[in-house]
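To start, the structure itself, in structure tokens.
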Amino acid sequence: MQEELRRLVYYSVNAIEGSADDIDHMLRDILETSRRNNPKLNITGALMFNANCFVQVLEGPRAAVEQLLQRFHLDKRHKSLAVLAFSPIPERAFGEWSMAFVGARAADGRLEAFAAESGFDPTRMSGEATLDFLHKMVLAQDQELRQSC
Ligand SMILES: Cc1cc2nc3c(=O)[nH]c(=O)nc-3n(C[C@H](O)[C@H](O)[C@H](O)COP(=O)(O)O)c2cc1C
């Protein structure tokens, strides 16, 4: 039997104090690790870093998602991790991405528009609104990339 597919949505607060370069280095490192590990775990998802907060969506077999969540709790690069959703899903929203990334620059303009609509405050956002926002951001970014090629 196929294992239950789950989606985790959480936010956390950056715990690395340092220059913009230090933050850049950390993000690169996290993405490199994610893109190396996630395909082996059959995990897909997206990560956003903005306003010193991480917002991440992970989709995959329940045991693999739980295993990663345990690692995240031990990772000292972020703190105050709060789970917004952890639910069974019929299909993936980020099936094409081992870990898509939406950075501050890409997010800024749209983030303001989203904020006007729903008040972007991860502490007050539902898992569903967060997923929807990240999904729109990743698709828009992907479209821009395709157009510039
Ligand atoms: C915000 C954030 C997101 C992360 N996302 C992932 C991820 O999607 N996949 C992953 O394997 N590790 C991720 N990590 C890193 C894990 O916490 C952990 O360091 C890593 O999985 C260890 O893998 P390694 O033993 O291969 O170095 C993330 C860390 C942070 C701070």
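Rule-based calculations on the coordinates, nothing more; no lab input. Note that the structure is a prediction, hence the values are computed from the model and not measured. Cβ placement follows ideal geometry from the backbone for every residue including glycine, while neighbour counts extend to all protein chains displayed.
In this simple spin-label approximation, A140 and T33 carry label points 7 Å from Cα along the Cα→Cβ vector, and these lie 2.9 nm apart. Once the Cα-Cα distance is subtracted from the 0.36 nm per residue extended length, the A85 to E128 segment shows a gain of 14.7 nm. Pairs of Cα atoms in region 5-148 fall into 10 Å distance bins, from 0 up to the last occupied one, in shares of 11, 44, 38, 7, 0 percent. With R₀ fixed at 41 Å, the C-beta to C-beta distance from A15 to Q147 puts the FRET efficiency at about 0.65.
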